[in-house]
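Quick notes on the structure that follows.
The values are calculated or read from the model by the stated rules, or taken from the named source; none is laboratory data. It should be emphasised that the depicted structure is a prediction, and the values quoted were computed from it without experimental measurement. Every residue, glycine among them, receives a Cβ derived from its backbone with ideal geometry; neighbour counts consider all protein chains shown. Surface areas here come from the heavy atoms of the whole protein model, side chains and all, with no ligands, DNA or RNA. Shrake-Rupley method; radii C 1.70, N 1.55, O 1.52, S 1.80 Å.
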Amino acid sequence: MSHRIKIVQCWDDGVEDDLRLCEILRAFGAQATFNLNAGLHLPGAGEAWRFRDTKEVRRLGREQLVATYEGFEIANHTLTHPSANKLSTTEWTREVVEGRARLEDLFGREVVGFAYPYGHCPPHAAEVVRETGHRYARTCANATPSFPAADPMLLAADCHFLNAGFWELYEKAKSVRAPAFYFWGHSYELCSESDWLGFEEMLRRFENDPDAEWGSLSGLFE
Ligand SMILES: [Zn+2]
């Protein structure tokens with residue numbers, strides 16, 4: 001039986017560029033997980049900041065979320081995106097529990113995934129995530145193959161989507177018959193038209209690979 005590698009991806013922070021990203025993903029039939037901070041999506045347009053001094057990035061408004069992410073997986077990225085290194089266990093627990101509960105309320109479905117803000121994951125923080133209904137939690141570490149994970153609460157991705165060695169890592173994951181190849185990023189890192197076209201090119205390359213199929217992250221933890 002031939003082995004197909006699942007192409008799994010997740011995107012963080014719930015920004016306006018996700019609108020375009022989701023359209024592209026839908027056109028390719030690709031699955032993806034979006035890591036959201038339920039406490040930072042205000043009514044109307046969300047909080048704004050600058051990326052590389054040139055691009056204004058804005059979080060989606062709260063009322064945009066359900067329609068934007070329809071058909072995609074939602075995961076918890078804490079309530080307000082703090083670093084776990086800076087909070088007491090009590091404060092961190094509230095961020096994790098409340099973040100998940102608000103997403104479940106808003107989307108009307110179970111949330112089982114988690115991503116650590118800034119990738120910060122001290123042991124006490126990972127234990128809280130483990131004990132509060134999450135099946136996996138992503139760090140910002142790289143590991144190929146990324147699956148199976150030694151500890152699902154310290155899940156590394158294969159790489160960031162702009163990693164210079166992206167396709168070598170993909171070939172490596174295929175060569176060891178990994179169940180999945182997993183990359184992550186922020187859609188606001190796509191700044192120019194050529195960046196967006198490059199991303200579509202990336203998806204097309206997966207689409208045209210007979211050894212690959214789209215997969216969902218939570219599906220790997222069932
Ligand atoms: Zn983030």
Which of G99, P210, G133, positive extreme of dipole for region 86-213 (C-beta unit charges): G133
Treating only the Cβ of Lys, Arg, Asp and Glu as charged (+1, +1, -1, -1), what charge dipole size does the chain show about its Cα centre? Round to the nearest 20 debye. 340 debye
Expressed in square angstrom to the nearest 10, the accessible area of K6 with a 1.4 Å probe stands at 70 Å²
Heavy atoms only, probe 1.4 Å: what % of the accessible area of the chain goes to carbon and sulfur, would you let me know? 51 percent
Contact order relative to length for region 136-213, counting C-alpha pairs under 8 Å separated by 6 or more residues, stands in percent at 25 percent
Of H3, H77, ordered by accessible area with the largest first and a 1.4 Å probe, the sequence is H3, H77
Rounded, prolate or oblate: which fits the chain, taking a ≥ b ≥ c as square roots of the Cα gyration tensor eigenvalues, rounded meaning a/c under 1.5, else prolate when a/b beats b/c? oblate
Please calculate how many Å² of accessible area region 5-221 carries per residue, with a 1.4 Å probe and no DNA, RNA or ligand atoms counted. 43 Å²
R109-F28 FRET efficiency (beta carbon distance; Förster radius 22 Å; 0.05 resolution): 0.45
Taking a probe of 1.4 angstrom, what is the accessible area of V96 in Å², to the nearest 10? 0 Å²
In whole Hz, the Karplus estimates of ³J(HN,Hα) for region 123-129 (6.51, -1.76, 1.60; θ = phi - 60°; x where Gly or Pro) are x, 5, 5, 5, 5, 4, 4
If r is the Cβ-Cβ distance from R50 to V176 and R0 is 35 Å, what FRET efficiency results, to the nearest 0.05? 0.30
Going highest first, how would you order 145-157, 194-206 by mean Cβ packing within 10 Å? 145-157, 194-206
Under 20 Å by backbone N from the virtual spin label 7 Å along Cα-to-Cβ at C140, the residues of region 1-34 are 9-18, 33-34
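How do D17, D105 stack up against each other in accessible area, from largest to smallest, with a 1.4 angstrom probe?
Order by accessible area, largest first: D105, D17.
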Contact order normalised by length for region 5-221, with contacts defined as Cα pairs under 8 Å and 6 or more residues apart; what percent is it? 26 percent
Relative contact order of region 1-119, defined on C-alpha pairs under 8 angstrom at six or more residues apart (%): 25 percent
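Work out how much length S192 to E213 would gain on full extension: take 0.36 nm times their residue separation and subtract the Cα-Cα distance, in nm to one decimal.
Numbers: separation 21, 0.36 × 21 = 7.56 nm, distance 2.77 nm.
Answer, rounded to one decimal: 4.8 nm.
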